[in-house]
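First comes the structure, then the notes that go with it.
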Amino acid sequence: MMYLFEYLFLNVLVGIFYVLPAKIVAALGRGFGLFLHALGVRKSVVLENLNIAFAHKKTPDEIAKICQNFYAHIGSVMFELMMLRTIKPGDLHQYVTLEGAEILEEARLEGKGVVMAGNHFGHWELLSAAVNYLGQPFSAFVGGQKNPLVDELINRIRSRFGLDYISKSPRAGREMIAVLAKKKGILGMLGDLNVPRMNLFVDFFGVKAAVGEGLSSFTVKGNRPLVMIWIRRVGPVTHEGHIERLDYEITGDTETDTKHVAQVISNRLQELIELYPEQYFWFNRRYKTRPQVEKDQGIEYYKKKK
């Protein structure tokens with residue numbers, strides 16, 4: 001019943017947003033986000049992440065302000081996602097510009113397949129729609145929502161802009177390999193959230209954080225072009241999308257090279273977060289999974305930090 005309620009509530013929002021001006025939708029989203037901030041929804045997680053990232057360079061008041069601005073931002077993202085259900089694909093350019101589309105085209109023409117690193121930064125669903133519709137068509141691996149009805153709704157939104165998505169399933173790995181190896185296409189993945197299994201560790205704001213192997217493994221095994229996409233909010237409902245190529249080195253040692261590529265992606269993401277800290281997805285327990293060496297040594301990282 002809860003899943004059905006959530007699904008019906010989101011559809012009601014879609015209907016309301018259909019008749020409201022976009023700027024009003026964004027304002028309502030900011031208000032909703034600030035309401036979540038006042039309620040303290042996952043606030044301890046957000047502040048823990050922010051303190052790990054910025055305690056050595058920002059004051060507690062500055063961190064508190066970033067936290068508040070993050071809630072306003074994520075509220076807008078949530079409401080604007082529902083607005084994508086009614087935006088005509090041909091009107092997408094009114095909400096987002098895209099820089100670097102030629103970089104993606106040049107990488108595709110190399111004929112090896114292209115690995116495209118996405119992240120939970122800015123309005124990432126809007127960015128996927130923009131890259132696919134305004135730039136180059138690509139296939140994306142997407143994780144599922146707990147609520148299958150909501151998951152279906154979000155996938156319908158993605159499909160409106162022509163996105164070919166690969167859902168999490170036992171055959172997902174084969175489908176992703178087929179995109180790169182057989183079709184020589186573009187495979188997009190979001191690889192910046194905590195991964196409890198089948199992971200490797202990168203330095204993220206000076207602390208080890210677990211990432212999935214997929215992005216870097218697909219890149220290294222085919223010596224494929226690696227591009228990164230990111231987006232930032234520049235107005236109440238306007239955004240700038242960017243595509244850039246990331247350089248990496250190959251030594252021939254697969255394990256070393258895979259870790260290196262993962263670190264290259266993490267380094268660039270950290271640079272962006274430092275510039276626009278309120279636009280990252282701080283709700284994720286980014287440092288929850290710890291390296292085995294810490295467990296072997298009895299290190300309890302969070303207790304030490306406190």
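For (1) surrounded by fewer than 18 Cβ atoms within 10 Å (Cβ to Cβ); (2) within 30 Å of ASN223 (Cβ to Cβ); (3) among the polar types (S, T, N, Q), each residue gets a yes or a no:
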position: PHE138; (1), (2), (3): no, yes, no
position: ILE154; (1), (2), (3): no, no, no
position: TYR165; (1), (2), (3): yes, yes, no
position: LYS168; (1), (2), (3): yes, yes, no
position: GLY173; (1), (2), (3): yes, yes, no
position: LYS183; (1), (2), (3): yes, yes, no
position: GLY188; (1), (2), (3): no, yes, no
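When ASP61 is tested against the conditions (1) within 26 Å of LYS168 (Cα to Cα); (2) among the charged types (D, E, K, R); (3) free of Cβ contacts under 8 Å to residues at least 60 places away in the same chain, the lone failure is (1). Figure legend. Inter-residue proximity from segment 232-246: first residues within 21 Å of LEU104 (Cβ to Cβ), second residues among the small types (Gly, Ala, Ser) and surrounded by fewer than 16 Cβ atoms within 10 Å (Cβ to Cβ), beta-carbon distance below 9 Å, spacing 6+ or different chains. Indicated pairs: ILE243/ALA101.
Counting residues in segment 10-24 that are within 20 Å of ILE273 (Cα to Cα) and either in contact with a strand residue (DSSP E or B) (Cβ under 8 Å, 6 or more places away or on another chain) or of a type in the set (Gly, Ala, Ser) (or both) gives zero.
For the criterion of being free of Cβ contacts under 8 Å to residues at least 40 places away in the same chain, on the phi > 0 side of the Ramachandran plot and of a type in the set (Gly, Ala, Ser), GLY40 passes. Pairs are defined by a Cβ separation below 9 Å, a sequence spacing of at least 6 or placement on different chains, a first member in segment 10-28 that is farther than 15 Å from LYS88 by Cα, and a second member that is assigned to a helix (DSSP H, G or I) and of a type in the set (S, T, N, Q); the pairs so defined are VAL25/SER76; ALA26/SER76; ALA27/SER76; LEU28/SER76. Inside segment 231-241, residues that are part of a strand (DSSP E or B) and either farther than 20 Å from ALA140 by Cβ or open to solvent by 20 Å² or more (accessible area, probe 1.4 Å) (or both) make up a count of 3. Annotation note: of GLU48, GLU106, the sole residue that is of a type in the set (Asp, Glu), out of contact with any helix residue (DSSP H, G or I) (no Cβ under 6 Å at 6 or more places or on another chain) and over 20 Å from ASN284 (Cα atoms) is GLU106. Only residues that are farther than 17 Å from HIS120 by Cβ and β-branched (Val, Ile, Thr) were counted in segment 62-77, giving 1.
The values are calculated or read from the model by the stated rules, or taken from the named source; none is laboratory data. The structure displayed is predicted, hence computed values, not measured ones. Cβ sites come from the backbone with ideal geometry, for glycine too, and all protein chains shown count toward neighbours. For the accessible areas, the whole protein counts, side chains as well, though only heavy atoms, and no ligand, DNA or RNA atoms are used. Shrake-Rupley method; radii C 1.70, N 1.55, O 1.52, S 1.80 Å.
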